[in-house]
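Nothing in this text is a laboratory measurement; each read-out follows from the coordinates by a stated rule. Everything quoted here is computed from the prediction, not taken from an experiment. Counting neighbours? That spans all protein chains shown, and the Cβs are built from the backbone with ideal geometry, glycine included.
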Amino acid sequence: MALSHFLKLNPEKQADILQAALDEFIDYGYDLASTNRIVERARIAKGTLFKYFSSKEELFVYLCDSFLDVVKTEVYREDEKAPEGLFEFLKNISMRKMALKSRYPKEFALMTQIVSHSNHPVYRNLLKDYTTQGMKIYEQIIRKVNTSNLRPGVTPEEAFRLVGWVLKGLEDYIFQQLDGKEYSEEFEKEMYDEFDRACELLKYGLYNPQPVVAL
């Protein structure tokens, strides 16, 4: 198998080839990306590239899978201790994503490109696979989360969906604030405060439970 040859390379050379491919796919998209330019960027012979990957698609899929492995390891942390509650769980995931984005901006840009063009056949297959994997991980973690303090009649699935929607919107807003900024402890603290405020509003609501009646 061609990929087995790639995995025998030293890590630095693997990184050089994947970085060259990443830059090419971001600059030109999948269809217009050129293996000729990739080998030029990586400073290897074209025949050498196809010793490692049988096609442009296999290279692209491997590149994306490699980054998704990082996301699963650093963001979802399947083996970590169960969080105290759903708010803490979802907030931690969002904060980890932001920290990761500051370290892997190009990889996140590629994922955005894939999601934005989900009708593309190669992208569509990837998204289907990643969605299936993500749901399995999510369901495994949900089962660990303490949901005993939910209001009677509210299911864990409903609670996760609602909180997820709100925090996803806040996450997108914070990603915009992060663009062009260096991720720092100060920025992280500000973002934690934003998440805590959003969680507080979700927990306790927007309306006064005993509205004041004007006399």
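Quick notes on this structure:
- Computed from backbone phi with θ = phi - 60° and the Karplus coefficients 6.51, -1.76 and 1.60, the 3J(HN,Hα) list for the stretch 134-140 is x, 5, 5, 4, 4, 5, 5 Hz; x is used for glycine and proline.
- Potential lengthening between Glu188 and Ser116 on full extension [0.36 nm per residue; Cα-Cα distance subtracted]: 23.2 nm
- Positive-pole candidate from Ser55, Asn92, Asn149, dipole of the chain, charges at beta carbon: Ser55
- In this structure, the pairs whose alpha-carbon distance is over 20 Å, taken from Lys8/Lys106; Lys8/Lys46; Lys13/Lys72, are Lys8/Lys106; Lys13/Lys72.
- Label reach from Thr48 (point 7 Å along Cα→C-beta): in the stretch 1-33, amide nitrogens under 17 Å belong to 3-22.
- One chain, two ends: Gln14 and Ile26. Fully extended at 0.36 nm per residue, the span grows by 2.5 nm beyond their Cα-Cα distance.
- Recomputing Rg and Dmax of the Cα atoms in Å from the coordinates shown identifies the correct label among [x] 21.4, 85; [y] 17.7, 57; [z] 17.3, 54 as [x].
- Between Gln14, Phe187, Val166, the Cα set farthest toward the positive side of the dipole of the chain (charges on each charged residue's Cβ, about the Cα centre) is that of Gln14.
- The chain, dipole about Cα centre (Lys/Arg Cβ +1, Asp/Glu Cβ -1), debye to the nearest 20: 560 debye
- For the stretch 61-204, averaging the sequence separation of C-alpha pairs within contact (under 8 Å, six or more residues apart) and dividing by the residue count gives a relative contact order of 35 percent.
- The charge dipole of the stretch 1-54, taken about the Cα centre with unit charges on the Cβ atoms of Lys, Arg (+1) and Asp, Glu (-1), comes to about 300 debye, rounded to the nearest 20.
- Between Gln176 and Val70, the contour length at 0.36 nm per residue exceeds the alpha carbon distance by 35.9 nm.
- Nearest-0.05 FRET efficiency for Tyr204 and His5, computed from C-beta distance (R0 45 Å): 0.20
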